[in-house]
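Peer 1: Please find one structure pasted underneath; my questions will follow.
The numbers here are math on the coordinates, done by the rules we state, and not lab data. Quick caveat, the model's predicted, so the values are computed rather than measured. Every residue, glycine as well, gets a Cβ built from its backbone with ideal geometry; the counts of neighbours run over all protein chains shown.
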Amino acid sequence: MKAIVDCNSFYCSCERLFRPDLQNKPIVVLSNNDGCIISRSDEARKLGVGMAGPYFQARHIIEQNDISVFSSNYHLYGDMSRRVMDTLRTLAPEVEVYSVDEAFLDLSELPVEELAAYARHIRNRVEQWTGISVSVGVAPTKTLAKLANLQAKKDKKATGCVKVLLTQEEQRIALQQTRVDNIWGVGRSYAGKLINWGITSAWELSNMPEEWAHTNMGGVTGVRLIRELRGTPAIAMEDELVNKRMIATTRMFGRPVTALYELKEAVATYISRAAEKLRRQQSAAKVVSVFIVSKEQDHLADFKRGATISNYTTLDRASSLTHELIKPAIELVEQLFENGKEYKKAGVMLSGLVPDSSVQGNLFVPASQNQHRHLMHAIDNINFSMRDDAVKFGSSGMSKNWKMRQELRSARHSTRWEELKEIK
DNA sequence: TCTGGGGTCCTAGGACCC
DNA sequence: TCTGGGGTCCTAGGACCC
């Protein structure tokens with residue numbers, strides 16, 4: 001049996017930890033650039049604040065109801081996430097961190113009759129140790145566990161945030177109560193098709209033949225989904241600490257950007273950030289990609305499908321050194337940039353990742369390479385322990401007035417000494 | 001006026017090989 | 001006029017996740 005443990009309104013819960021006055025009050029957390037609502041408390045949901053909607057559209061509800069608003073504070077959420085995951089590792093032999101606020105636990109060693117009590121124990125311990133409240137779903141497969149978790153969250157009072165689907169009968173009822181668009185692995189595109197075909201509940205989908213799923217739902221992915229819904233594990237627990245295969249840093253700008261030099265500054269800044277992530281997992285990148293997005297003139301167009309143009313360079317030799325990666329990236333920007341256009345977003349991607357052979361120093365490369373490696377290490381350490389970007393490359397610019405807005409961010413209470421919470 | 005920032009996996013199709 | 005069968009590797013793009 002597998003469990004999924006999911007933090008309730010995670011970002012909002014983190015903000016409330018340091019603002020006990022907001023307990024049981026409506027609050028929301030915004031995405032970068034204060035663009036979208038990415039987390040909302042139950043109270044805010046009940047007032048009619050939608051999920052993942054643009055902030056400006058919900059603004060009137062927010063102001064009318066005096067809902068507290070926060071810009072996202074990823075230092076705080078990252079640190080709280082680590083504490084939750086550390087707690088979960090004391091509770092199961094195998095833990096797969098699935099996202100910042102979710103983890104799968106392997107509970108197959110536990111007798112089935114103890115599962116419900118153990119799930120409640122997990123919930124209580126995480127809340128007691130970290131202050132974050134979680135929901136727990138338990139079932140024979142990951143997909144059914146996610147479905148159980150959804151039900152636990154939907155009616156917190158009745159379930160106590162814990163739902164266990166042991167028997168086939170329990171699973172059937174849960175499947176019948178779940179709409180296809182709420183299934184883990186069914187997104188907007190498939191949901192639309194399924195409903196057109198008259199398949200509306202998870203139960204109906206689970207009764208479709210595997211060959212049908214293979215033809216109509218993305219090949220093996222669809223077959224796995226059907227099996228998982230029927231209670232046959234088809235998606236295994238993943239190993240942890242697997243290195244990323246791609247590293248991206250992308251941002252909206254705080255205002256439209258028209259000057260090439262600003263675009264170059266932004267891309268140099270993003271490369272610096274991406275290269276840090278690269279070195280943290282001791283990888284080097286062979287491919288550098290850059291994309292820029294111009295402001296959509298046609299207001300009827302879907303804003304996400306704005307005019308994105310991109311290009312990439314393949315390096316002769318994989319590198320993890322910031323300056324070696326900035327150079328090709330800047331050249332790409334120069335190619336992509338068009339005078340007179342307004343840009344709203346840019347991003348960089350590092351791929352073709354391989355283990356970084358220069359980590360230990362390499363006899364077969366010039367000594368200067370190893371020197372650079374030490375320099376990078378020193379810069380990373382300084383930037384990690386001091387303020388962000390205390391040391392950076394000149395091409396990243398000094399003023400950065402294209403930077404995103406983050407006007408409502410709370411203090412980084414748990415990761416910066418100077419921002420430690422004071423109690424008088 | 002104002003719409004995030006990461007990631008993963010899978011498939012189809014082209015280039016190339018013998 | 002006729003023109004095989006099989007395989008690998010790579011990339012672009014689509015779908016999904018939180």
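Peer 1: What does the charge count near residue A:232 come to, summing +1 for each Lys or Arg and -1 for each Asp or Glu among other residues with Cβ under 11 Å from its Cβ?
Peer 2: That sum, taken over residues with Cβ under 11 Å, equals +1.
Peer 1: Something else: What angle, in degrees between 0 and 90 and rounded to the nearest 10, separates the Cα long axis of helix A:142-154 from the longest principal axis of the Cα atoms of chain A?
Peer 2: Long axis of A:142-154 versus the principal axis of chain A: about 80 degrees.
Peer 1: Which order results if A:55, A:190 are arranged by neighbouring Cβ count within 10 Å, fewest first?
Peer 2: A:55, A:190
Peer 1: Another question about this same structure. With r defined as the distance between the Cβ atoms of residue A:351 and residue A:403 and R0 fixed at 22 Å, what FRET efficiency is calculated, to the nearest 0.05?
Peer 2: Rounded to the nearest 0.05, the efficiency is 0.30.
Peer 1: Rounded to the nearest Å, what's the spacing between the alpha carbon centres of the range A:25-58 and the range A:174-215? Just the number, please.
Peer 2: Using only Cα atoms, the two centres lie 28 Å from each other.
Peer 1: Quote the relative contact order of the range A:3-75 in percent (integer), defining contacts as alpha-carbon pairs under 8 Å separated by 6+ residues.
Peer 2: Averaging sequence separation for qualifying contacts and normalising by length gives 31 percent for the range A:3-75.
Peer 1: What are the ³J(HN,Hα) couplings of the range A:185-197, residue after residue, when phi is run through the Karplus curve with 6.51, -1.76, 1.60 and θ = phi - 60°? Round to Hz, x for glycine and proline.
Peer 2: Going residue by residue, I get x, 10, x, 5, 5, 5, 4, x, 5, 4, 5, 4, 7 Hz, with x marking Gly and Pro.
Peer 1: Under a 5 Å amide H to amide H cut-off, with H placed in plane at 1.01 Å, what residues pair with residue A:409 once short-range neighbours are removed?
Peer 2: Here A:71 satisfy the definition.
Peer 1: Report, please, the projected area of the range A:79-229 averaged over directions, based on the convex hull of its C-alpha atoms, in nm².
Peer 2: Averaging across all directions leaves 9.5 nm² for the Cα convex hull.
Peer 1: Hey, another quick one. Where does chain A land on the Kirkwood hydrodynamic radius, alpha-carbon pairs, in angstrom?
Peer 2: Evaluated over chain A, this radius sits at 24.3 Å.
Peer 1: For chain A, find the longest principal axis of its Cα atoms and tell me its angle to the long axis of helix A:367-385, 0 to 90°, nearest 10.
Peer 2: Roughly 60 degrees, rounded to the nearest 10.
Peer 1: Given contacts defined as C-alpha pairs under 8 Å and at least six residues apart, what's the relative contact order of chain A, whole-number percent?
Peer 2: 16
Peer 1: Please state the charge dipole magnitude for chain A, taken about the Cα centre, from unit charges on C-beta atoms (+1 on K and R, -1 on D and E), reported in debye and rounded to the nearest 20.
Peer 2: 620
Peer 1: When we measure straight from the Cα of residue A:156, which lysines land under 30 angstrom away, once same-chain ones fewer than 8 places off are left out?
Peer 2: Partners within reach: A:2, A:25, A:46, A:142, A:146.
Peer 1: Given only helices, namely DSSP H runs of n ≥ 4 each adding -39500 (n - 2.57), what is the per-residue ellipticity at 222 nm of chain A, to the nearest 500 deg cm²/dmol?
Peer 2: After summing the helix terms and dividing by the residues of chain A, the value is -12000 deg cm²/dmol.
Peer 1: Reachable lysines from residue A:286, Cα under 18 Å, same-chain residues fewer than 8 places away excluded?
Peer 2: Straight-distance partners of residue A:286: A:244, A:277, A:327.
Peer 1: Any idea which of A:196, A:220, A:11 is furthest toward the positive side of the dipole for chain A, if Lys and Arg beta-carbons carry +1 and Asp and Glu beta-carbons -1?
Peer 2: The residue sitting most towards the positive pole is A:11.
Peer 1: Can you give the FRET efficiency to the nearest 0.05 for residue A:204 and residue A:18, using r as the Cβ-Cβ distance and R₀ = 51 Å?
Peer 2: Here the calculated transfer efficiency is 0.65.
Peer 1: Rounded, prolate or oblate: which fits the range A:3-75 when a ≥ b ≥ c are the square roots of the eigenvalues of the alpha-carbon gyration tensor, with rounded for a/c under 1.5 and prolate only if a/b beats b/c?
Peer 2: It comes out rounded by the Cα gyration axes.
Peer 1: Still on this structure, please answer the following. Excluding same-chain residues fewer than 8 positions from residue A:344, which lysines have a Cα within less than 22 Å of its Cα?
Peer 2: Excluding near neighbours in sequence, the set is A:264, A:295, A:304, A:400, A:403.
Peer 1: Then there is this: Between the helical axis of A:74-89 and the dominant principal axis of chain A, each derived from Cα atoms, what acute angle in degrees is found, rounded to the nearest 10?
Peer 2: Rounded to the nearest ten degrees, it is 50.
Peer 1: What net charge do the residues around residue A:223 carry, taking every other residue with its C-beta under 9 Å from that of residue A:223, with Lys and Arg at +1 and Asp and Glu at -1?
Peer 2: Around residue A:223, the charge tally is 0.
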